[in-house]
Amino acid sequence: MKKRFAGGLLATLLTVCLLAGCGKAAEPAPAATGSDDTASAQTQTAADTKDEAADAGDTQTAEPITISFWCNFTGSDGDVLREIVANYNETNTDNVTVEIDIMDYATLQSKLPTAISTGTGPSFILAGVELIKQYKENDMILPIDDFWDVTGIDKSNFNANVLEKSYFDGTQYGVPMQYNLQYLYYNKDLFAAAGLDPEKAPKTMDELEAAAVACTDAANGIYGIGLPVNYGNYVEYLWANGGDVVSTDGTQNFLNSEENIKTLTWMQDLMKKGVSPEGLDAGEADTMFQAGRLAMYTSGPWNINGLNQLGINYGITAIPAGSAGAFAPEGGCSWMLAKGADDAVRSAAYKFMAYWLSDGVLKEWSNRNGFPVWADTVLADPEIQANKILADVSEASTIGRDYHLQLDCGSQIDADVMQPLMERVLRGDDVATCLQEASDKLDEILGLK
Amino acid sequence: MSKKAFSIISNLILILFMLLILLPLCWLFVSAFKSDLAVNAWPPRFFPDKWVSTQFTYVWKILPIPVMLKNTVCFVLAVTGISLFFDSLSAYAFARMEFKGKKLLFGIILLTMMIPFQVVMIPIYLEEYKLGILNTFWGLVLPRAASAYGIFMLTSFFSGIPRSLDEAARIDGMSEFGIYFKIILPLSKPAFVTLGIFHLMNNWNDLLYPMMLTCTQEKRTLSAGLATLVGSNAIKYGPTLAATVISISPLLIIFLCGQRFFMEGISTSGMKE
Amino acid sequence: MKRNQKLAYLFITPSLLILIVFVFVPLFSAFFISLTNMDIYMNEYHLIGFENYQRMLEDSRVWNATKNTIVYTAIEVPLQIFLSLLLLFLMLGNTRFHKLLRTVFYLPYVCSMTAISIMWSMILNKNSGMVAYLLAKIGIQIPNLLATEGYAMGTVIAVSVWKNFGYTLTLLTAAALGVSGSLYEAAEIDGAGWFARFLHVTIPGIRQTILFCLVTTLITALQVFDQIYVLTQGGPLFSTETLVGYIFERGFRAAPFDVGYATSVAVYLFFLIALLTFILRRYTTRREEEE
């Protein structure tokens, strides 16, 4: 009796284990069943629509459909996004309801693939353009080549360099949602207090250094510039002096160069002058700038809405130039259609994406969040042209450059190479040694050893 | 050392510890009423210059708080109730009954406490999907319906109850169920209260678990829902503080209301021999 | 006896069933995953034998994380138990004030670790927090506690103890108050002082509970994650990166989302916890048998 019990237990255990663990391998299309399960409501609506269309051809309003998307807009720009979605839900005549679910990046990353492959995920996704390649290669998103034809939106109205980021191997996988670079924020009040011209932002790295030193007032807790240890875009300083990290195709490692030694030594010296708080965290830098305790720092445009709400007297300008010019890493987000979407979901998602590309929405998004404008018709809008911050941002957005956007290991380069490197440089370790070690690590990640 | 000197010194130390606990918590609660500007202000102030509730209205606006609260309460109560029952049944068997493989089974159950959730996160997700209970109420409750910790704790508690009591009953012909219900359970009320509070707290505060097993905001628990405010791209400290206060307040209120019962329960749960 | 046995199995069946379905099956799946090259997208993975485990041997981050996990545990667990014993000793009088204090000391434990960590990260922040500001005002300059190697781990431990000691204190108090009064009286007649009585009457009386606390806090400590994720994210320079943190980082936070490899680290952690718990229990039960 006992043996049978134990044996049965073991058998059950193994069976269920195999089901759970190897189910994916043994059974190639669970996603199909999955989408059947979850989209049953949607298929139902689609069927209903057909029936009704057959019954009464004159029905104007479509059957109600609810689509959802996931994103990680946890900052103040997420508030505006929520408002726009709510506005769409109220005003659209197609009976579409869009549900928005915002979660932090790590949760999103860990949940999304499993959710999509089991058909329990969202109908569409709002994510960084650097993820398109990975998502496409792992069969998580669908091509949307017919988007422009179906919606009838004029593609030529939008900047080509923004659009091309949503394509992979010539196929369209995303509809651009926003485009951004990194910018230099500066506090005009602190500039004035330090005797600098508040309308004259630093244009070069030398001017940046001079301004940082002038604005620093450590006794009162005020620093010239914030150099956070975990800031992800120090590559812009390296580029400025002709250095680089990795080639855009990921086949070459440029990290260990004379130019980079020079730039990083300059940053280390800057740090030694006490112009930045030590051991600063990137989120903390946002806070300190908002509190008027940092005269300058670099960040993406997503802080603009928050700063405007707080009434800070600040300016925004391009990343300063070094000996080789000024560059800033590009970024952007696109709407993507998750695998498993049926025709009804696809059509509803297209409608929402088209709504996003309408002048009014793009204008609101740029106006309130300060994201650069990338549509010609919006650019011509008088209200946009009158927005000083936005004009500055748009002016500062011409120096974009691709930083590991097409590499699968991009986030690993940031986490395992660049962050430890900058932590060590900023705390005063020998620059040449740090670069050598970081370069070895980068070789390892790129598989160049 | 005289009794008086000891009492003075010990009370001084205790007051110091009390301040160490209460001051940060007070700071947390009053800071939730600061404006965005005041949260980041330098020099930092303990109390807000002006008390505002904007952070709370903001959080209330962007998250379906009442729904999440309802989810949390249902989830936590179900888990606590079911798990107390199942745990105590097993614990009774382990503490009072003899059966083959007892030591082995107990060891195996203890082993389950050692598994970090991150390890089984994805398998559980896939399994729940196969069973069709993903993103449902039971999908959240079932994996927590028995806890190794509870079995472990109750077994050690039951072992402390003098055997003479139930042996007498056994001689009188009482069944095992009878002994469990009529003798062990009434004697173990304090242990149940303690364990109940542990389950209540752990499940209320759990983050990753409900976050993984729910797919929509409407199914999410309070802690998991509020955690979505804290991002890596940008943290809004004001709302974060308010969210923190919202998530811990209900539990604190329950605890403070029931603390007399709870603390007395614990202090009488000592096993006398 | 036979009937009784069947009944016993009946009693443990519900719990066992749930543990099997929701703990053991996923655990065995995890073992299986650790032998594959699965990534988070779960496409086209296949068995690669023990390659992940071999890779672990050469991964310095695994050993660094092991070291940090053990350092954290070796300090946090004794500190938490010691602090609880100290407070227990100071509150043996069981006055009304002491009863109030027990409630106060339990408050942090009621709150979630994430909430507590967010609170402390703001208070301890060198650049905008209360603590650094107030200390600077009276002339004490402290280092950046959460961002300086050597201090960060200490700070994480302190926050964890602050949050958790209420748990051990409560359990120990419950046990201590149950120690029979006559034992104390006997000791008093023998002329034992306050401390001697605590040492020779209370501690032996609650030994079983101390052991329980040791085992459970040890298991929790080896899985430390939440507070580190909020307070330091494993930094500065991986000096607070623990095993669970590394599993999370490798599997879910940074490319290439190597779930297979992350799971093999998790399996290793599981065996580490089992081993340490086994040693602790073995050691303590043997001592018990000797007495």
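With respect to B:P190, determine if the residue is crowded, with 18+ Cβ neighbours inside 10 Å, in contact with a Gly (Cβ under 6 Å, 6 or more places away or on another chain) and under 30 Å from C:T277 (Cα atoms).
So B:P190 fits the description; yes.
List every residue pair whose Cβ atoms sit under 7 Å apart, with the two residues 6 or more apart in sequence or on different chains, where the first one lies in region A:255-283 and is more than 28 Å from C:M122 (Cβ to Cβ) and assigned by TED's automatic domain parsing to the domain that holds A:D429 and the second, anywhere, is among the polar types (S, T, N, Q) and in a helix (DSSP H, G or I).
Partner pairs satisfying both residue conditions: A:L255/A:S439; A:N256/A:Q436; A:N256/A:S439.
Among the residues of region A:269-279, is any over 25 Å from C:A152 (Cα atoms) and buried (at least 23 other Cβ atoms within 10 Å of the Cβ)?
Looking for residues that are over 25 Å from C:A152 (Cα atoms) and buried (at least 23 other Cβ atoms within 10 Å of the Cβ), one finds none in region A:269-279, hence no.
Of the residues that sit in region A:92-108 and are crowded, with 18+ Cβ neighbours inside 10 Å and more than 7 Å from every other protein chain (Cβ to nearest Cβ), which one is farthest from C:V230 (Cα to Cα)?
Here the answer is A:V96.
Exactly one of these conditions fails for C:T277: (1) surrounded by fewer than 21 Cβ atoms within 10 Å (Cβ to Cβ); (2) of a type in the set (S, T, N, Q); (3) under 26 Å from C:Y41 (Cα atoms); (4) within 15 Å of the chain's Cα centre (by Cα). Give me its number.
Of everything listed in (1) surrounded by fewer than 21 Cβ atoms within 10 Å (Cβ to Cβ); (2) of a type in the set (S, T, N, Q); (3) under 26 Å from C:Y41 (Cα atoms); (4) within 15 Å of the chain's Cα centre (by Cα), C:T277 misses just condition (3).
Going through region B:113-145 one residue at a time, which ones are within 7 Å of chain C (Cβ to nearest Cβ), in a helix (DSSP H, G or I) and at pLDDT below 85?
Passing the criteria: B:Q118, B:V119, B:I122.
Could you run through region C:108-132 and say how many residues are in contact with an Asp or Glu (Cβ under 6 Å, 6 or more places away or on another chain) and more than 9 Å from chain B (Cβ to nearest Cβ)?
The number of residues fulfilling the criteria is 0.
Given the criteria aromatic (F, W, Y), farther than 19 Å from B:F157 by Cβ and in contact (Cβ under 8 Å) with a residue 24 or more places away in the chain, does B:Y92 qualify?
no
Only residues in region C:89-107 that are more than 7 Å from chain B (Cβ to nearest Cβ) count as the first member; pair them with residues that are loosely packed, with under 14 Cβ neighbours inside 10 Å, Cβ under 8 angstrom, at least 6 apart or cross-chain, and list the lot.
Going by the 8 Å Cβ cut-off, the qualifying pairs are C:F89/C:F195.
Out of curiosity, is A:A354 surrounded by fewer than 21 Cβ atoms within 10 Å (Cβ to Cβ) and under 20 Å from A:N87 (Cβ atoms)?
yes
Looking only at region C:1-30, which residues are more than 13 Å from chain A (Cβ to nearest Cβ), closer than 14 Å to B:I109 by Cβ and either of a type in the set (S, T, N, Q) or surrounded by fewer than 17 Cβ atoms within 10 Å (Cβ to Cβ) (or both)?
The answer is C:S15, and nothing else.
Looking only at region A:230-287, filter to residues that are acidic (D, E) and over 17 Å from A:E437 (Cα atoms); which one of those is farthest from the other protein chains (Cβ to nearest Cβ)?
So the residue we want is A:D269.
Take the residues of region C:177-208 that are in a helix (DSSP H, G or I) and acidic (D, E): which is nearest to the other protein chains (Cβ to nearest Cβ)?
C:E188
Counting only residues that are buried (at least 22 other Cβ atoms within 10 Å of the Cβ), assigned to a helix (DSSP H, G or I) and not aromatic (F, W, Y), how many does region A:280-304 have?
9
Looking at A:L227, A:L238 in this structure, which one is part of a loop (DSSP other than H, G, I, E, B) and crowded, with 23+ Cβ neighbours inside 10 Å?
A:L227 is the lone residue from the list that is part of a loop (DSSP other than H, G, I, E, B) and crowded, with 23+ Cβ neighbours inside 10 Å.
Would you confirm, using the coordinates I've provided, whether B:S90 is within 8 Å of chain C (Cβ to nearest Cβ) and not basic (K, R)?
Criteria met by B:S90.
Restricting attention to helices (runs of 4 or more DSSP H) lying wholly within region C:223-291, give those where 2 or more residues are small (G, A, S).
C:259-290
Just one of the numbered conditions (1) touching a Ser or Thr at 6+ places or on another chain (Cβ under 9 Å); (2) over 13 Å from A:L337 (Cα atoms); (3) surrounded by fewer than 17 Cβ atoms within 10 Å (Cβ to Cβ); (4) acidic (D, E) is not true of A:E130; which one?
(3)
All but one of (1) closer than 22 Å to B:N40 by Cα; (2) part of a helix (DSSP H, G or I) hold for A:V275; state the number of the condition that does not hold.
Status for A:V275: all satisfied but (2).
Report, by residue number, each residue of region C:194-218 that is closer than 17 Å to C:R282 by Cα and either crowded, with 19+ Cβ neighbours inside 10 Å or under 19 Å from the mean Cα position of the chain (by Cα) (or both).
C:Q208, C:T209, C:I210, C:L211, C:F212, C:C213, C:L214, C:V215, C:T216, C:T217, C:L218
The values are calculated or read from the model by the stated rules, or taken from the named source; none is laboratory data. Predicted model, so just to flag it, every value in this text is computed and none were measured. Here Cβ is always computed from backbone atoms with ideal geometry, including for glycine, and neighbour counts include all displayed protein chains.
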